[in-house]
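Visitor: Please read through the structure below; I'll follow up with questions.
What follows is calculated from the coordinates using simple rules that are stated; it is not laboratory data. Predicted model, so just to flag it, every value in this text is computed and none were measured. Every residue, glycine among them, receives a Cβ derived from its backbone with ideal geometry; neighbour counts consider all protein chains shown.
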2 protein chains.
Amino acid sequence: MAGIAPARLGEFALIERYFRPLATYPGAFNLLDDVAVLRPKAGEELVLTTDLVAAGVHFFPDDPPESIARKALRVNLSDLAAKGAEPVGYLLAIALPSDWSEVWIRKFTRGLAGDQKRYGISLLGGDTSRASGGLTISITAIGRLPKGTTVRRKGARPGDTVYVSGTIGDGALGLRLRLGSIDGAPAGRAAARLRDRYLHPEPRVALAPVVRRYASAALDVSDGLVGDLGHICEVSGVGATIEAAAVPLSKPATALVATDPGALATVLTGGDDYEILCTVPKRSGAAFAAAAGKAGVPVTRIGVMTPGRGGPIVIGPDGEPLALGAKAFDHFGPK
Amino acid sequence: MAGIAPARLGEFALIERYFRPLATYPGAFNLLDDVAVLRPKAGEELVLTTDLVAAGVHFFPDDPPESIARKALRVNLSDLAAKGAEPVGYLLAIALPSDWSEVWIRKFTRGLAGDQKRYGISLLGGDTSRASGGLTISITAIGRLPKGTTVRRKGARPGDTVYVSGTIGDGALGLRLRLGSIDGAPAGRAAARLRDRYLHPEPRVALAPVVRRYASAALDVSDGLVGDLGHICEVSGVGATIEAAAVPLSKPATALVATDPGALATVLTGGDDYEILCTVPKRSGAAFAAAAGKAGVPVTRIGVMTPGRGGPIVIGPDGEPLALGAKAFDHFGPK
């Protein structure tokens, strides 16, 4: 159909100038072909994951282009890490709104370039198009690991210890700060830190080999801690009990929860954490925590897997189970 | 962010009811995990390709859901076939507009299911979300083939014969009929056939092993015959001369070109063909054509690769080179 902006770069020039330099992997053929070729080594398997983010749904249209790029990429890398996989590269399909500019693309691809270096990955291929509405980015990321070692949601057993990396709730609180929906919201550096966690998730790539070695089940926390633990429970056919007081919080999150007890529900169910939640057989707990520390990623024991079903029980600060609302983010459901 | 339609299915129910039955591949884990696992056989390499289609850009929002599903999937399978690869499966990221309905999803997934059966593939994973505007579908398809046999755009040599499968121009003419921008347009069955070619491309999956065996370079015709041949020329560092009169046309396309000479340019540069364009060393031409015939796919010799550069020359019906306008579809450029 008709073009939209004769004065701007054409599709091919856009690819050549901004995307080709990102395709450093030999099998990406400098984006001069229709496909990327991957040759897994003997004894390896590949894992693939895809996530789509759209303006106004997953990010704000006026977020910095570098930040949008990082978030779109990192939510995928987070999935790979939680499965124990080392990232190889990604395919990028981007649909640009009618008011796209070359400056925006330059910043966006700069964001990708920085993260490619940071995580040792390459653009493998892609598609550039016009959007039906706002900016839409779909990324498919590919990781590799030794055959048969992919860590799944399935595999948790009663008695396994529940661990989570980093701190929980910062991303969800950062989003609510951004939306102006928190009373008594912190100002200054604390607020900036929370907003930054929402904008720039930190996929726990360094933890991947440790998860692969020790975890019986794992996933990354994107829908919300309680909901995601519920996913492990459901697929593994077990239950879980965690203690709210044991869930690791950052200083700004701790301060917020202290002044607004309602913020605790946001922390536990809000999502956008991109930390790794995993279960580890009891006998391996100490070794797991030590290896995680060595990898530079703090992990915290927050509970235990239990027999039976019905989703996780969260013990509140008063020793009673918490009644939480929506347990996982649902793009379509009531919330 | 806030949900949109409490009365409709939630994200998880949607996946469970409509997408899970499509995930027949064991490594897709019934969509109960965050990734799909692929274990290529020894001696195999994988090829990956991604294409995004959006309402109002690549299809009409009121196209039948089954047709939208088929087109989104088939444009990717076409890329795999042209590279000589056998399709394995695909990841699907779908962003739904605010007025989505369960009936629409049922029809859409029925379209996918039919094509999965037809091409022997499986849904491997995906992401379901809200759209920032109209319906947007991003598919990443994965194919496999023996190591080192991927057919590239690079590899054509002077003297190689240029072949194309099927007929050219039907899709582009079908689109123009749909847009009402053809004078003296055919009615009845002829028009229906052209529109159908636009809606339902037929990826030449059966030709993949033949292309792999004989072609020096190949791609699928999506941007337009002349433009796509230009891609082979550019990457291979050679030229090409083809004869317009040799380009295979369907009966309805032949009739249109006879009444409206301007339609020839649409045929040659319009795109949306999803036929395979390839170059074959002269000595292998007869064997290639015979093998293609055996695979049930007609192929036609339309020209020859030449030394030098500068893109393809198209000899018109009068023996003089044709002056064509835009040679390849550009989503952003003037057209």
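Visitor: When 1/r is averaged over all different Cα pairs and the result inverted, which Kirkwood radius in Å belongs to chain A? Intermediate values should be presented prior to the final figure.
Guide: Working: mean 1/r = 0.0479 Å⁻¹.
For chain A, inverting the mean 1/r across all distinct Cα pairs yields 20.9 Å.
Visitor: Run lengths n ≥ 4 of DSSP H only: what is the helix-derived mean residue ellipticity at 222 nm for chain A, with -39500 (n - 2.57) per run over all residues, to the nearest 500? Before the final figure, lay out the partial values.
Guide: Values: 10 runs with 107 residues, N = 335.
So the calculated ellipticity at 222 nm is -9500 deg cm²/dmol.
Visitor: What's the percent breakdown of Cα-Cα distances in the stretch A:23-108 across 5 Å bins, shortest bin first?
Guide: The percentages, shortest bin first, are 2, 11, 19, 20, 20, 15, 8, 3, 1, 0.
Visitor: Quick one: if you stick a label point 7 Å off each Cα along the C-beta vector at B:ARG20 and B:GLU320, how many nm between them?
Guide: Here the modelled spin labels are 6.7 nm apart.
Visitor: Something else about it: What helices does chain B hold that run 24 Å or longer along their axis, going by alpha-carbon atoms, with a Kyte-Doolittle average of -1.0 or more, using DSSP H for the helix calls? Write out the running numbers ahead of the final one.
Guide: Details: long enough: B:65-82 (26 Å, 0.04); B:102-119 (25 Å, -1.02).
Both cut-offs are met by B:65-82.
Visitor: Sticking with this one: Can you compute the radius of gyration and Dmax for the stretch A:85-137, using only the Cα atoms, both in Å?
Guide: 12.3, 37
Visitor: Name the most mobile residue of B:LYS107, B:LYS147, B:LYS71, meaning the one with the largest mean-square fluctuation, in a Gaussian network model of chain B with Cα contacts below 10 Å.
Guide: In this elastic network of chain B, the residue with the biggest mean-square fluctuation among B:LYS107, B:LYS147, B:LYS71 is B:LYS147.
Visitor: At R0 = 41 Å, how high is the FRET efficiency between B:ALA286 and B:THR259 if r is their beta carbon distance? Nearest 0.05 is fine.
Guide: It comes to 0.70.
Visitor: Next question. Roughly how large, in nm² to one decimal, is the mean projection of the convex hull of the alpha-carbon atoms in the stretch B:142-243?
Guide: Projected area, direction-averaged: 8.2 nm².
Visitor: Further question: Using a 10 Å cut-off on Cβ atoms, rank the peptides A:76-82, B:298-304, B:125-131 from the highest mean neighbour count down. Walk me through the numbers before you get to the answer.
Guide: Working: A:76-82: 29.1, B:298-304: 19.9, B:125-131: 23.4.
The peptides rank, most packed first, as A:76-82, B:125-131, B:298-304.
Visitor: While we're on this one: If you take each beta carbon of peptide A:121-133 and count the beta carbons of other chains within 10 angstrom, what is the mean?
Guide: 6
Visitor: Across bins of 10 angstrom width beginning at 0, how are the C-alpha pair distances of the protein assembly as shown distributed, in whole percent?
Guide: For the protein assembly as shown, the pair-distance distribution reads 3, 15, 25, 25, 16, 9, 5, 1, 0, 0.
Visitor: Of all DSSP beta bridges in the protein assembly as shown, what percent run antiparallel (nearest 5)?
Guide: Working: 83 of 109 bridges.
Rounded to the nearest five, the antiparallel share is 75 percent.
Visitor: Would you tell me the mean number of C-beta atoms belonging to other protein chains that fall within 10 Å of each C-beta in B:38-46, as a whole number?
Guide: On the way: counts 8, 7, 7, 0, 3, 1, 2, 5, 10.
Mean shielding count: 5.
Visitor: Still on this structure, I have one more. Over chain A, what is the percentage of antiparallel beta bridges among all DSSP beta bridges, to the nearest 5?
Guide: Rounded to the nearest five, the antiparallel share is 75 percent.
Visitor: I've got another one for you. Which of A:ALA156, B:LEU268, A:ALA55 sits farthest toward the positive end of the charge dipole of the protein assembly as shown, with +1 on the Cβ of Lys and Arg and -1 on the Cβ of Asp and Glu?
Guide: So the residue furthest toward the plus end is A:ALA156.
Visitor: Further question: Would you mind working out the magnitude of the charge dipole of the stretch A:204-332 relative to its Cα centre, with +1 at each Lys and Arg C-beta and -1 at each Asp and Glu C-beta, to the nearest 20 Debye?
Guide: Taking the Cα centre of the stretch A:204-332 as origin, the dipole is about 760 debye.
Visitor: GNM on chain B, C-alpha springs below 10 Å: top fluctuator among B:GLY310, B:GLY174, B:GLY159?
Guide: Looking only at B:GLY310, B:GLY174, B:GLY159, the biggest GNM fluctuation is shown by B:GLY310.
Visitor: How well do other chains shield peptide A:49-61, expressed as the mean number of their Cβ atoms within 10 Å of each residue Cβ?
Guide: Average per residue, whole number: 6.
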